[in-house]
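Chemist: The structure's right below; bear with me while I get my questions together.
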Amino acid sequence: MLPILLDPAKFKDAAVTAKGEQRAHVALKSLETLWFNTGTLCNLTCRNCYIESSPKNDRLVYLTAAEVAAYLDEIERDRHGTSLIGFTGGEPFMNPELPAMLDDVLSRGFKAMVLTNAMKPMHKMKRALLDLHRRHGRNLAIRVSVDHYAPPLHERERGAHSWKPTIDGLVWLSSNGFDVHVAGRHFSDESEEDVRAGYARLFADLGVVLDTRNPGTLVLFPEMDDTVDVPEITVACWGILKKSPDSVMCASSRMVIKRKGADRPAVVACTLLPYDPQFELGGSLAESVDPVRLNHPHCAKFCVLGGAACSQ
């Protein structure tokens, strides 16, 4: 079956939809989570990576520990009440300053989460990770990307020979007492219940303790296909869907990036849209509080209709 191509008239105007209806927007209710994209370089080139990470993609360069510290200072100075600091990439463990960033975050009393494929770059930082875990315990969570509980489907996304290194890393984290989460994708024809049951069997076989029924510890993200049509979200959709704008990711989070060649980092609306200039909100957290207009297919498919959030 051929995909339905996205209507080219959609997602053109920030204020109105192709049908002339008022486009939905989301106000920042509170900055509960601040994400840092540590850089788009990755040891893998996945088949459907929303941020196009690869060993060659450096469109977003490595953040430094000093740059991260400046945003943490701003959180504390302006009393944002932020509780979670997340690190994503690329592969965050490829950034040599990640341990220093995590130490700073955790020492200030924030919780930290790192999104990783748990492969060789993470293994190179085992000593630093064990030290952080010893001093900060379960305030540090590691979320490992295991796209499916069946190796062939995982490797369809991540590439050949990617399964065993990731599973080895997952088992190492669990056996050393880390707070381990897993991120999968719901791209098969199975029901969510069957997918969660499949992961439960896998983790039982591996001796990994993880509650697969908990959507916070096993996150199943919807697949995002830019060629498949999605509806535009209007103001009226909130009532139709019986959904609050406060439930959408950009109501409670922002992400810091640094573009190649830029003098300083920038704050963007969410983790899914690092390249689209309409979602860049300024250089500081104070400048990033304006409402976000849902003028992108990912806003509809991932957040509003898919019900997903990276900080789950």
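Chemist: Residue farthest toward the positive end of the dipole of the chain, with Cβ of Lys/Arg at +1 and Asp/Glu at -1: which of Asn295, Met94, Val268?
Modeler: The residue sitting most towards the positive pole is Met94.
Chemist: Now for a different question. Can you tell which of Val182, Val105, Val230 lies farthest toward the positive end of the dipole of the chain, using +1 and -1 charges on the Cβ of basic and acidic side chains (Lys, Arg; Asp, Glu)?
Modeler: Of the listed residues, the answer is Val105.
Chemist: Right, another one. Averaging over every viewing direction, what projected area does the convex hull of the Cα atoms of the chain cover, in nm²? Before the final figure, lay out the partial values.
Modeler: Details: hull surface 63.8 nm².
So the Cα hull casts an average projection of 16.0 nm².
Chemist: With 20 Å as the limit, write out which pairs from Lys120/Lys258; Lys243/Lys301; Lys29/Lys258; Lys10/Lys242; Lys56/Lys260 have Cα-Cα distances beyond it, or answer none. Kindly include the intermediate steps, with their values, before the conclusion.
Modeler: Values: Lys120/Lys258 24 Å; Lys243/Lys301 14 Å; Lys29/Lys258 25 Å; Lys10/Lys242 23 Å; Lys56/Lys260 13 Å.
The pairs that break the limit, which is 20 Å between Cα atoms, are Lys120/Lys258; Lys29/Lys258; Lys10/Lys242.
Chemist: Among DSSP beta bridges lying fully in the chain, give the percent that are antiparallel, nearest 5. Don't jump to the answer; show the numbers that get you there.
Modeler: Working: 10 of 39 bridges.
Counting only bridges with both partners in the chain, antiparallel ones make up about 25 percent.
Chemist: Which translational diffusion coefficient, to the nearest whole µm²/s, is obtained for segment 162-312 from the Stokes-Einstein equation, given a Kirkwood hydrodynamic radius over C-alpha pairs, 25 °C and 0.890 mPa s? Mind showing how you got there, number by number?
Modeler: Working: Rh = 17.8 Å.
The estimated diffusion coefficient comes to 138 µm²/s.
Chemist: Moving to a separate point now. In debye, nearest 20, what is the charge dipole magnitude of segment 70-177 about its Cα centre with +1 on Lys and Arg Cβ and -1 on Asp and Glu Cβ, if you could check? Don't jump to the answer; show the numbers that get you there.
Modeler: Details: 15 positive and 13 negative charges, 81 e Å.
It works out to roughly 380 debye.
Chemist: Rank-order 156-165, 108-117 by packing density, defined as the average count of other C-beta atoms within 10 Å over each peptide's residues, highest first. Before the final figure, lay out the partial values.
Modeler: Details: 156-165: 15.6, 108-117: 20.5.
Ranking, from highest mean packing down: 108-117, 156-165.
Chemist: Evaluate the Debye formula for segment 233-312 with equal point scatterers sitting on the alpha carbons, no solvent, and hand back log10 of I(q)/I(0) at q = 0.11, 0.15, 0.20, 0.27 Å⁻¹, in q order, two decimals.
Modeler: Listed by q, the Debye log ratios stand at -0.29, -0.53, -0.88, -1.40.
Chemist: Between Ala128 and Ser107, what is the label-to-label distance in nm when each label sits 7 Å out along the Cα-to-Cβ direction?
Modeler: Those two pseudo-labels are separated by 1.4 nm.
Chemist: If you don't mind, there's one more thing I want to ask. If you build the Cα gyration tensor of segment 130-192 and take the root of 5 times each eigenvalue, what three semi-axes come out, in whole angstrom, biggest first? Write out the running numbers ahead of the final one.
Modeler: Numbers: eigenvalues 137, 36, 12 Å².
Ellipsoid semi-axes (Å, largest first): 26, 13, 8.
Chemist: I've got another one for you. Where the only charges are on Cβ atoms (+1 Lys, Arg; -1 Asp, Glu), what is the dipole of segment 100-150 about its Cα centre, to the nearest 20 debye? If you can, show how the numbers build up before the last one.
Modeler: Working: 10 positive and 4 negative charges, 33 e Å.
Dipole size: approximately 160 debye.
Chemist: Principal axis lengths of segment 19-171 from Cα atoms, whole Å, largest first?
Modeler: Here the spans come out as 56, 47, 28 Å, largest first.
Chemist: Quote the FRET efficiency, to the nearest 0.05, computed for Lys56 versus Lys242 with a Förster distance R0 of 41 Å and r equal to the Cβ-Cβ distance.
Modeler: Working: r = 44 Å, r/R0 = 1.08.
According to the calculation, E is roughly 0.40.
Chemist: Give me the dipole magnitude in Debye, nearest 20, for the chain about the Cα centre, with unit charges on the beta carbon: positive for Lys and Arg, negative for Asp and Glu.
Modeler: It works out to roughly 500 debye.
Chemist: On to the next question. Ranked highest first by the average count of other Cβ atoms within 10 Å around their residues, in what order do 249-259, 137-147 fall? It would help to have the intermediate numbers written out before the result.
Modeler: Numbers: 249-259: 22.6, 137-147: 20.4.
Most protected by this proxy first, the peptides run 249-259, 137-147.
Read-outs: derived from the displayed coordinates by stated rules, not from any lab. Bear in mind the structure is a predicted one, so any value in this text is a computation, not a measurement. Cβ coordinates were reconstructed from backbone atoms using ideal geometry, including for glycine residues, and neighbour counts include every protein chain displayed.
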